[in-house]
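The values are calculated or read from the model by the stated rules, or taken from the named source; none is laboratory data. Just so it is clear, the structure is predicted and the values come from calculations on it, not from any experiment. Heads up, the Cβs are rebuilt from the backbone with ideal geometry, glycines too, and the neighbour counts pull from every protein chain shown.
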Amino acid sequence: GGIDIDAGSAGINVDSTGGITVGGTNATGVTLGKSDTTVTVAGSLDVNGTVTTIDSANTYIADKFMIIASGSATDTDGGVLIQNSAGAGYALGYDSGIDRWVFDADLAHNATDIGPDAYVGVIETGTGHGDSQAVPIYGGTTNGVGTIYIDTDAGDQGIWIYS
């Protein structure tokens, strides 16, 4: 069996495997710790839900890489939004429809795709003539306009802009 502690609308349950469930029966929130203390979670933290809100002045992330749109079954847009007004802001993101990094000057905080206002400039290098190189890595033949290619061969240096 397990242990149940129920104080009206709140409850704590420890099941027979040692799993702990803390929650309210009337959709009440759960608070851990006090505002002037540190709450430490040993091990991994898995948060399930539709929105995760972090209200802190500064957030430190030790990971070197962050995965956005994790678990996507198909190519999808994604990025980072800096909010400048209620519900909108400036975004840097990847537009999967055109296979290119883009900027969006008015992206809604609940957007599911990004509409480019400008493209991120890309510089590619190689040792062959720029006019004989393959299409740009980002954007391809249709949306790779503006990509800069630099020939690094000592005897045949040159700079090309894909248009």
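Working only within region 76-88, note down all residues that are part of a loop (DSSP other than H, G, I, E, B) and farther than 16 Å from G115 by Cβ.
Narrowing region 76-88 to residues part of a loop (DSSP other than H, G, I, E, B): 76-77, 86-87.
A86, the sole residue that qualifies.
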Flag if G93 is under 17 Å from the mean Cα position of the chain (by Cα), closer than 30 Å to V122 by Cα, at pLDDT 85 or above and surrounded by 10 or more Cβ atoms within 10 Å (Cβ to Cβ): yes
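Conditions tested, residue by residue: (1) in contact (Cβ under 8 Å) with a residue 60 or more places away in the chain; (2) among the aliphatic types (A, V, I, L, M); (3) within 27 Å of G93 (Cβ to Cβ).
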| residue | (1), (2), (3) |
| --- | --- |
| E124 | no, no, yes |
| G128 | no, no, no |
| I137 | no, yes, yes |
| G146 | no, no, yes |
| D151 | no, no, no |
| A154 | no, yes, no |
| Q157 | no, no, no |
| I161 | no, yes, yes |
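Considering only region 30-66, state which residues are charged (D, E, K, R) and under 21 Å from G19 (Cβ atoms). Let's see the steps before the verdict.
Step one: of region 30-66, the residues charged (D, E, K, R) are 34, 36, 46, 55, 63-64.
Once the filter is applied, which keeps residues that are charged (D, E, K, R) and under 21 Å from G19 (Cβ atoms), region 30-66 yields only D46.
Residue-wise test of (1) closer than 30 Å to S35 by Cβ; (2) among the acidic types (D, E).
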residue: S56; (1), (2): yes, no
residue: T59; (1), (2): yes, no
residue: S70; (1), (2): no, no
residue: R100; (1), (2): no, no
residue: L107; (1), (2): no, no
residue: D113; (1), (2): no, yes
residue: P136; (1), (2): no, no
residue: Y149; (1), (2): no, no
Residue that is nearest to A69 (Cα to Cα) [pool: residues in region 109-130 that are within 17 Å of the chain's Cα centre (by Cα) and exposed (fewer than 13 other Cβ atoms within 10 Å of the Cβ)]: T112
Pairs, first touching a residue at least 40 places away in the same chain (Cβ under 8 Å) in region 91-116, second among the hydroxyl-bearing types (S, T, Y), C-beta under 8 Å, six or more apart: I98/T142; D99/Y138; R100/Y94; R100/Y119; R100/Y138
